[in-house]
Amino acid sequence: MHDLVARLINNGPVLTDGSWGTQIIKRGLTQSESPDSWNLTHPDKVQEVAQEYVDAGSRVILTNTFGANRFVLSKFGLADKVAEINIAGVEISRRAAGSQAYVFASIGPSGKLLATKEVTETDLEQAFDEQAQAIARAGADAIVVETMMDLTEARIAATAAKRTGLPVVVCMVFSAGKAKDRTMMGNTPEQVVDVLRQAGVDVLGANCGQGIEGFIPICSRMRASTDLPLWMKANAGLPERIDGQVVYRTTAVNFAQFVPQLVHAGANFIGSCCGSDSSFISAIKKTLKDL
């Protein structure tokens, strides 16, 4: 385990942050824009998101770099801006964090499928290496490989991230199967633990895909399979489309009611994902303090 991770979890569960995409959309992002490009065009609005989480009590905040790999950026004609966008993303979160929080930079999926040969493992390795190296140069404290649905892609991204020497967190999406306890490719929590542990990650876990209730058994199964720290960031329930708008019905108070069970299940890092905002972080903070 990396020293930074060990220090962070030494005093109990660590409060992370909430959704970034949802918050940037609220600030005016259009469908024709890359969310990550806002690091260059609207840095003040991106920093607002980060600052709200720091002010709410997050000890770890992410960066607006989820889709800042060459494959996703190429859809917006920005493939040549990988380094610039990632560096700006880290710098923005660093300004908001100050001395109050650590910056764990986000790496999301490529949007390409290995299974259909849209991309090769070598292609993915090069893309993730390019992004991870830019993140490291910018001075991030750690890297979070998140919202991964393909375990092979997650392993490749983890390996690239590990080459930076920074602590590496890897999170999978569990939303498939009758019990919503498998990845899109059918992997169980136990299989995920086995593969990612061998890849040398410092923290592993789950994010997105479903509400916090479903994260409790997933966390328990991961904890039974490993002593590595576990990272859990659930959605504010499942999205619904109402009058053309995407709505998440879980409130911050409802969400926080399940936090004690998640802690009991073995979670070391706790935050929220899609549909959440700083009120969720404030509610989680209060619940952790009461515990």
How many of the residues making up the stretch 27-50 are in a helix (DSSP H, G or I) and either within 18 Å of R95 (Cα to Cα) or touching a residue at least 40 places away in the same chain (Cβ under 8 Å) (or both)? 14
The stretch 210-231 - residue that is in contact with a Leu (Cβ under 9 Å, 6 or more places away or on another chain) and not in a helix (DSSP H, G or I) and, of those, farthest from Q191 (Cα to Cα): G211
Name the residues in the stretch 102-119 that are modelled with pLDDT under 95 and open to solvent by less than 50 Å² (accessible area, probe 1.4 Å), would you? L114
Enumeration of residues in the stretch 175-203 that are touching a Lys or Arg at 6+ places or on another chain (Cβ under 6 Å) and closer than 23 Å to P13 by Cα: P189, G200
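The rows are residues; the columns are (1) in contact (Cβ under 8 Å) with a residue 40 or more places away in the chain; (2) surrounded by fewer than 24 Cβ atoms within 10 Å (Cβ to Cβ).
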site	(1), (2)
I143	no, no
M149	yes, yes
T152	no, yes
A158	yes, no
G165	no, yes
V173	no, yes
A179	no, yes
N187	no, yes
For a quick check of your reading of the model, give me the residue pairs whose first member lies in the stretch 222-234 and is closer than 17 Å to T147 by Cα, whose second is among the hydroxyl-bearing types (S, T, Y), with beta-carbon atoms closer than 7 Å and at least 6 apart or on different chains. K233/T16; K233/S272; A234/S272
Among the numbered conditions (1) more than 27 Å from A6 (Cα to Cα); (2) surrounded by fewer than 21 Cβ atoms within 10 Å (Cβ to Cβ), tell me where V195 comes up short. (1)
Residue check: is I218 closer than 26 Å to E240 by Cβ, among the aliphatic types (A, V, I, L, M), touching an Asp or Glu at 6+ places or on another chain (Cβ under 8 Å) and open to solvent by less than 50 Å² (accessible area, probe 1.4 Å)? yes
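The values are calculated or read from the model by the stated rules, or taken from the named source; none is laboratory data. Being a predicted model, the structure only gives us computed values, none of them experimental. Cβ coordinates were reconstructed from backbone atoms using ideal geometry, including for glycine residues, and neighbour counts include every protein chain displayed. Protein only, heavy atoms only, side chains kept; ligands, DNA and RNA dropped before computing areas. Shrake-Rupley method; radii C 1.70, N 1.55, O 1.52, S 1.80 Å.
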